[in-house]
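Asks: Take this structure first; my questions come after.
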Amino acid sequence: MPHSLSAQDVTTPGGLLLVLAILIPFIGMLIGFVFGGGKAMRVALATLAVGLAIVIAIAKALVQSGDAVIYILGGWMPPLGVALRADGLSVVMLLAIAVVICGIGVYARADFGSPSGVKEARAPLTFWLLLLAVWGSLNLVFVSGDLFTLYVALELLTFAAVPLVSLDGRSETVRSALRYLLYALLGSVLYLLGAVLLYGVYGTLDIPLLAMRVRPEPVAWAALALMISGLLAKTALFPLHLWLPPAHAGAPAAASAVLSGLVIKGSWFLAVRLWFDVFAGVVTLPSAQTLGTLGAAAILVGNVVALRQTRLKLLIAYSTVAQIGYLFLMFPLATGLSSAGLDSAVAVNGGMLQAISHAMAKAAMFMAAGLIYTTLGHDRVADLRGMTSTLPMTVLAFALAGASLIGLPPSGGFLAKWLLISAAITTLQWWWALLMLVGGLLTSVYVFIVVVRSLAPAHDGWKPKLPVPRYQQAAVLALALCSFLLGAAVLCPLDVMQIGRTVSRNTLLP
């Protein structure tokens with residue numbers, strides 16, 4: 001009889017760390033709930049430190065082994081059991097999200113610390129518990145090895161993110177949260193319908209097993225269309241973006257940083273998993289061009305509408321709509337490379353770097369906008385005078401984050417766009433390269449406007465409405481610097497993102 005694999009044969013060194021990366025945030029959330037609002041912040045910050053150490057250990061295990069980190073839950077092999085898997089794509093996202101969420105945690109101490117003399121406060125307790133829930137849900141998205149577990153992870157992420165929109169309880173933010181919830185639930189229904197189709201035909205939802213069984217046939221195309229459409233609604237790709245600007249602009253600054261920098265990356269990452277891992281032998285270049293066209297519309301519409309905004313947070317929110325478009329340019333570029341029999345890693349790496357750079361830059365921008373609002377009492381773009389002298393680190397952080405979004409060297413945005421443009425030139429898809437250049441120019445206009453108006457001297461006798469702690473400015477600057485210096489990843493001796501990838505990148509249909 002042939003030897004059957006056991007859990008010990010497949011679970012790799014460091015595999016248990018994947019379980020801890022998921023459980024630690026949720027355990028911290030439960031402990032914070034038990035201790036109450038007065039101690040929830042301390043519990044959350046301690047949990048962030050422990051979780052960051054775990055993610056670093058996972059990255060070390062991946063690099064040392066040169067293969068994916070795997071853990072089999074309960075000792076049951078797929079398809080009966082569930083496997084947690086972390087390849088290079090998963091690990092870089094785990095690391096990036098951990099860094100961003102730690103920066104947000106440091107920043108949020110001032111806004112969501114427990115008021116002195118108050119034993120229990122609703123907003124601090126809610127924020128810290130939801131922050132940990134978002135982190136745990138994202139980690140589950142990044143390491144899940146089957147499509148149903150990913151569905152559960154997405155639902156956890158949705159129900160942790162939606163309340164962040166309406167933390168202040170205002171009627172307009174509640175309406176924005178409900179609109180977000182409706183879009184997210186519609187996306188969940190479409191995704192689940194696609195998963196049901198796959199399970200009914202192929203008998204498994206395990207990603208590697210599905211990758212071997214899925215064939216280019218009508219049921220696979222229908223499942224792909226349903227699942228991708230649902231994920232586009234959750235990611236807010238144009239024209240399904242209508243929920244995003246009011247939700248992100250109306251939330252508190254720290255919550256906006258979580259929503260724009262982190263939450264939308266979960267559904268986008270799952271779309272990447274489906275396209276390049278599950279349906280690698282099913283997707284076609286015309287279908288990839290459709291996603292790229294939606295991304296192009298997002299870049300143009302988002303940037304133009306951002307230029308017309310009078311409020312800084314709304315400007316940043318519409319900028320997010322535009323930046324989401326760049327994330328979907330990797331699909332036609334990578335598919336074009338594979339269709340030509342070339343390695344698609346350059347386009348995939350470019351798309352992943354764009355996602356990581358955007359997460360850091362956009363979180364820094366929203367937090368900078370929050371500090372500006374605290375100092376001025378408003379966020380009107382036309383009246384940002386005196387910010388350079390009052391909040392020098394914040395203005396510098398906004399400029400550095402903006403430079404990364406524009407794609408100026410040596411930022412992560414520059415390296416990402418360089419890789420994507422290289423893929424466009426290699427595959428003779430020159431229109432995507434032109435689009436990225438135009439998008440960068442449009443982005444540079446509103447970044448320049450904000451920075452120049454911040455440089456103007458304050459009116460005589462003007463004083464800040466409220467002081468801003470220096471550690472908040474430092475947290476914003478640290479994330480902006482991470483995004484700006486991410487271009488140094490080109491010096492990495494290993495292509496970390498491609499470690500442990502088990503699906504061939506040259507199996508796409510022409």
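We did not get these values from a lab; they are worked out from the coordinates using the rules stated. Model, not experiment: these values are computed from the prediction. We place every Cβ from the backbone using ideal geometry, glycine too, and count neighbours over all the protein chains shown.
Asks: Excluding same-chain residues fewer than 8 positions from Lys60, which lysines have a Cα within less than 17 Å of its Cα?
Replies: Within reach: none.
Asks: Packing-wise, with mean Cβ within 10 Å as the measure, how do 461-467, 90-96, 285-291 rank, highest first?
Replies: 90-96, 285-291, 461-467
Asks: Under 1.5 on a/c is rounded, so check that first for the range 274-387, then, if it is not, pick prolate when a/b is larger than b/c and oblate when it is not; a ≥ b ≥ c are the square roots of the alpha carbon gyration tensor eigenvalues.
Replies: prolate
Asks: Counting only C-alpha contacts under 8 Å and six or more residues apart, can you give the relative contact order of the range 22-152 as a whole percent?
Replies: Relative contact order for the range 22-152 comes out at 38 percent.
Asks: Right, next: Suppose R0 equals 60 Å. What FRET efficiency, 1/(1 + (r/R0)^6) with r the Cβ-Cβ distance, do Ala225 and Leu466 give to the nearest 0.05?
Replies: 0.75
Asks: Give, rounded to the nearest 20 debye, the magnitude of the charge dipole that the chain has about its Cα centre when Lys and Arg contribute +1 at Cβ and Asp and Glu contribute -1 at Cβ.
Replies: Computed charge dipole of the chain: roughly 1160 debye.
Asks: Please compute the length gained on full extension between Glu172 and Thr426, using 0.36 nm multiplied by the number of residues separating them and subtracting their Cα-Cα distance.
Replies: 86.7 nm
Asks: Given axes a ≥ b ≥ c from the Cα gyration tensor, I'd like to know whether the range 41-188 is rounded (a/c under 1.5), prolate (a/b larger than b/c) or oblate.
Replies: Oblate, since a/c reaches 1.5 and b/c is not below a/b.
Asks: While we're looking at this one, here's another question. Aspartates and glutamates within cross-link reach of Lys362: Cα-Cα under 17 Å, excluding same-chain residues under 8 positions apart?
Replies: Within the straight-line cut-off, Lys362 pairs with Asp379.
Asks: Right, something else. Hey, can you grab everything whose amide H is under 5 Å from the amide H of Val82? Only 5+ residues off in sequence or another chain; H modelled, so Pro and N-termini drop out.
Replies: Close amide H contacts, sequence-distant or interchain: Leu73, Trp76.
Asks: Still on this structure, I have one more. For Lys39, give me every one of the lysines with a C-alpha distance below 25 angstrom, ignoring sequence neighbours fewer than eight places off in its own chain.
Replies: List returned: Lys119.
Asks: Cut-off is 10 Å between beta-carbons; in what order do Cys102, Cys482 appear when sorted fewest neighbours first?
Replies: With the sparsest Cβ surroundings first, the list reads Cys102, Cys482.
Asks: How much length is gained on full extension from Ser389 to Ile31, taking 0.36 nm per residue of separation minus their Cα-Cα distance?
Replies: Additional length available on full extension: 124.7 nm.
Asks: In the calculated pair distance distribution of the range 284-510, what percentage of Cα-Cα distances lie above 27 Å?
Replies: Considering the range 284-510, 37 percent of its Cα-Cα pairs are separated by more than 27 Å.
Asks: Note down the Stokes-Einstein diffusion coefficient of the chain in µm²/s, whole number, using a Kirkwood radius over alpha carbon pairs, 10 °C, and 1.306 mPa s.
Replies: Here the translational diffusion coefficient equals 69 µm²/s.
Asks: Label Leu182 and Leu80 with points 7 Å out from Cα along Cα→Cβ: what is the distance between them in nm?
Replies: Computed distance between label sites Leu182 and Leu80 equals 4.6 nm.
Asks: Want the number for Leu193 to Arg380: 0.36 nm per residue separation, take away the alpha-carbon distance, what's left?
Replies: Gain on extension, Leu193 to Arg380, equals 62.9 nm.
Asks: Would you mind putting 379-387, 324-332 in packing order, based on average other-beta-carbon counts within 10 Å, highest first?
Replies: In decreasing order of mean packing, 379-387, 324-332 become 324-332, 379-387.
Asks: Sticking with this one: What is the sum of charges around Ala236, taking Lys and Arg as +1, Asp and Glu as -1, for the other residues whose C-beta is under 14 Å from the C-beta of Ala236?
Replies: +4
Asks: State which helices in the chain qualify, where a helix is a whole DSSP H run, it must extend 30 Å or more along its own axis by its Cα atoms, and its mean Kyte-Doolittle hydropathy must be at least -0.5.
Replies: Membrane-span-like by this rule: 15-35, 37-65, 88-111, 122-143, 171-202, 285-307, 345-376, 430-455.
Asks: First select every other residue whose beta carbon is under 10 angstrom from the beta carbon of Ile316; then total the charges, Lys and Arg +1, Asp and Glu -1.
Replies: Summing Lys/Arg as +1 and Asp/Glu as -1 gives +2.
Asks: If you don't mind, there's one more thing I want to ask. Taking other Cβ within 10 Å of each residue's Cβ, how do Phe484, Phe148, Phe414 sort, fewest first?
Replies: Ranked by crowding around the Cβ, least crowded first: Phe148, Phe414, Phe484.
Asks: Using a 10 Å cut-off around each Cβ, can you sort Met367, Met41 from fewest to most neighbouring Cβ atoms?
Replies: Ordered from fewest to most neighbouring Cβ atoms within 10 Å, Met367, Met41 come out as Met41, Met367.
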